[in-house]
1. In segment A:38-66, how many are surrounded by 10 or more Cβ atoms within 10 Å (Cβ to Cβ) and charged (D, E, K, R)?
2. I'd like to verify a number: residues in segment A:167-183 that are closer than 30 Å to A:PRO4 by Cβ and touching a strand residue (DSSP E or B) at 6+ places or on another chain (Cβ under 6 Å), how many?
3. Check A:LEU28, A:LEU73, A:LEU33 and return the single one that is away from every other protein chain (no Cβ under 12 Å) and either closer than 30 Å to A:GLU147 by Cβ or out of contact with any Gly (no Cβ under 6 Å at 6 or more places or on another chain) (or both).
4. Sort out which residues of segment A:108-142 are among the polar types (S, T, N, Q) and either outside the structural domain of A:ILE175 (by the TED database) or surrounded by fewer than 18 Cβ atoms within 10 Å (Cβ to Cβ) (or both), and write them in order of number.
5. Go through segment A:200-228 and give me each residue that's out of contact with any strand residue (DSSP E or B) (no Cβ under 9 Å at 6 or more places or on another chain), part of a loop (DSSP other than H, G, I, E, B) and of a type outside the set (S, T, N, Q).
6. If a residue has to be in contact (Cβ under 8 Å) with a residue 12 or more places away in the chain and either more than 12 Å from B:CYS77 (Cα to Cα) or more than 9 Å from chain A (Cβ to nearest Cβ) (or both) to count, how many in segment B:23-33 make the cut?
7. Which one is farthest from A:LEU191 (Cα to Cα) among residues in segment A:156-170 that are in a strand (DSSP E or B) and not hydrophobic (A, V, I, L, M, F, W, C)?
Amino acid sequence: MAAPAQLGLQNAASPIMEELIAFHDHALMIIFLISSLVLYIISLMLTTKLTHTSTMNAQEIEMIWTILPAMILIMIALPSLRILYMTDEFNKPYLTLKAIGHQWYWSYEYSDYEDLAFDSYIMPTYFLEPGEFRLLEVDNRTTLPMEADIRVLISSQDVLHSWAVPSLGVKTDAIPGRLNQAMVASMRPGLYYGQCSEICGSNHSFMPIVLEFIYFQDFEVWASYLYI
Amino acid sequence: MAAVPEPDEPAKRKPFKLLGILDVENIPCARDSILYGSLGSVVAGFGHFLLTSRIRRSCDVGVGGFILVTLGCWFHCRYNYAKQKIQQRITRQGMKNKLLYEGTHLDPERKQNNGNSSN
């Protein structure tokens, strides 16, 4: 989850998010260099005594400031498209999870086994234990196995929602009447927090998502307890 | 996720960001690229000035040198960083597989030794 007043991306817990962070660094470096160049040119314009009021054509500079931005855009677009297609790769998933948005909570279904389903409401502030996070904790966390490709089918029961977990690099709209698919895989065990990312009413800010990634053996024990 | 700092831990200072956007402390290769770029800028600009004694043109060459050297160092460093990460991942996976499968029929070293002995 984010630290207080954090502006940057959260640490990556999935390979896709690692790629996204690398791309973000790449784009930021290009932005920084362009900004430096523009600031320098502005300072030149402000400090020159030279004027030329009868310029008719300037073929060379026109060529430069057409070709250079095109090359910069290509340098940004190629890694971007690579990651875009990478996010659409669907390896054979170990597990399928359905995440359904409601006003104002998420419900999860594990249909691979028998009918495993539960709702996940925000934990009210007065119920929080010391050390828990305000407006981020839920009563029932979504438990998943780590180091496994998990297919998440996202939909909604009523209005538009969006299922987002920043540290896994996933954000997918939950649209009523439509099933959207996302792949999720965590490299480490832990808790990963997210929040609804599409305005959906008065309690839009109060329907968080908590994924708990655990080892395979522990996941099987957890799944078996849900039948009791 | 950042943990709440303990009372005796020093407070984390705000990260330094060039032009308010580039966090040179935490982005891999950023600090080295900017430093090499600055060095390249000084060398190119000053060298041009020594050769031509034109101040404004030397400043332009300096800025151009900064951009080119920074970009070149950045791509070179990030390429090596990506290669290193991949090798680390392969090594980590290999160590895990060795621990998990040692002594079993899935042991990759056993399969390799069987292959060598049959040859």
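1. Matching residues across segment A:38-66 total 1.
2. 8
3. The unique qualifying residue is A:LEU73.
4. Scanning segment A:108-142 gives A:SER111, A:THR125, A:ASN140.
5. Matches in segment A:200-228: A:GLY201, A:ILE228.
6. Qualifying residue count for the region: 1.
7. Keep residues of segment A:156-170 that are in a strand (DSSP E or B), which gives A:156, A:161-165, A:170.
Okay, now just the ones that are also not hydrophobic (A, V, I, L, M, F, W, C), so A:156, A:161-162.
Details: A:SER156: 24, A:HIS161: 22, A:SER162: 19 Å.
Of everything passing the filter in segment A:156-170, A:SER156 is farthest from A:LEU191 (Cα to Cα).
The values are calculated or read from the model by the stated rules, or taken from the named source; none is laboratory data. The structure presented is a predicted model; accordingly, all values stated were derived computationally and were not measured. Reconstructed Cβ throughout: ideal geometry from the backbone, glycine too, with neighbour counts over all protein chains shown.
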